[in-house]
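Right, one structure below, let's go through it.
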Amino acid sequence: MAINTGIFGDTTSFEHRFIADHDRLAELVVYWKKLGLRIVLTSGTFDLFHVGHAQYLEKAKSLGDLLIVGVDSDEKVRERKGPGRPIVPEDERVAIISHVRHADVLTLKKASDPKNHLIKLVRPDILVVSKSTKHDDEEVDDKREYCGEIIVLEPQSSTSTSAKIRLIQISKDGS
């Protein structure tokens, strides 16, 4: 019998997929693990969502049963990428990813969250990180303590959000 409701359903089911409360997420992770589900965790900015993002999420999901995606809050993105980012606000980025069939659960990663907060909270069977994020060996070792396995994925396309933004700015300035 297939389950076709909530995070296991065919619909966007945003009210079930987006879990803002990290305490509630922790409770649900315990439940999902008791069900024997293999939990995969990844995170990112996902600004100007493109085919590389979709392929990355598909690959991450293929590694387990349930994919949890941490989406960087607007404040966190500004801290990492500068005052002109993100281009797409966090509520829209989360809504867009909720439509991607490979993303089962989404939550926001806040700038105020302690380092590795979501990883420590979920303690995934598999943590997927992007090679393009350029995690150094020490950072990966710090994360390894809280995960069953860490997989570093190559970028899934030659598309780069930052490169597209630069191109738009050049076009705008040159016209």
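To the nearest 20 Debye, how big is the dipole of the chain about its Cα centre, given +1 on the beta carbon of each Lys and Arg and -1 on that of each Asp and Glu? Write down the numbers at each step before the final one.
Numbers: 26 positive and 28 negative charges, 55 e Å.
Around 260 debye, computed over the chain.
Using R0 = 35 Å, the C-beta based FRET efficiency linking His117 and Asn4 works out to 0.60.
Given an 8 Å cut-off on Cα distances and at least 6 residues of separation, report the relative contact order of the chain as a percent. Display every interim value, and only then the final one.
Values: 249 pairs, mean separation 44.5, N = 175.
Across the chain, relative contact order equals 25 percent.
Across the options Ile97, Asn4, Asn116, the greatest Cα extent toward the positive end of the charge dipole of the chain (unit charges at beta carbon of Lys, Arg, Asp, Glu) belongs to Ile97.
Residues considered: Ser43, Ser73, Ser112. Largest GNM mean-square fluctuation over the chain, using C-alpha springs under 10 Å, is found at Ser112.
Which of Ile87, Ile150, Ile126 ends up with the largest GNM mean-square fluctuation for the chain, with Cα atoms connected below 10 Å? Result: Ile87 has the largest fluctuation of those listed.
Within 10 Å of each residue's Cβ, count the other Cβ atoms and sort Glu139, Glu90 from fewest upward. Intermediate values should be presented prior to the final figure.
Working: Glu139 14, Glu90 21.
Going from least to most buried by this count: Glu139, Glu90.
Every number in this text was worked out from the coordinates using simple rules, so none of it is lab data. All values derive from a computational prediction rather than experimental measurement. Glycine gets a Cβ as well: all are built from the backbone with ideal geometry, and neighbour counts include every protein chain shown.
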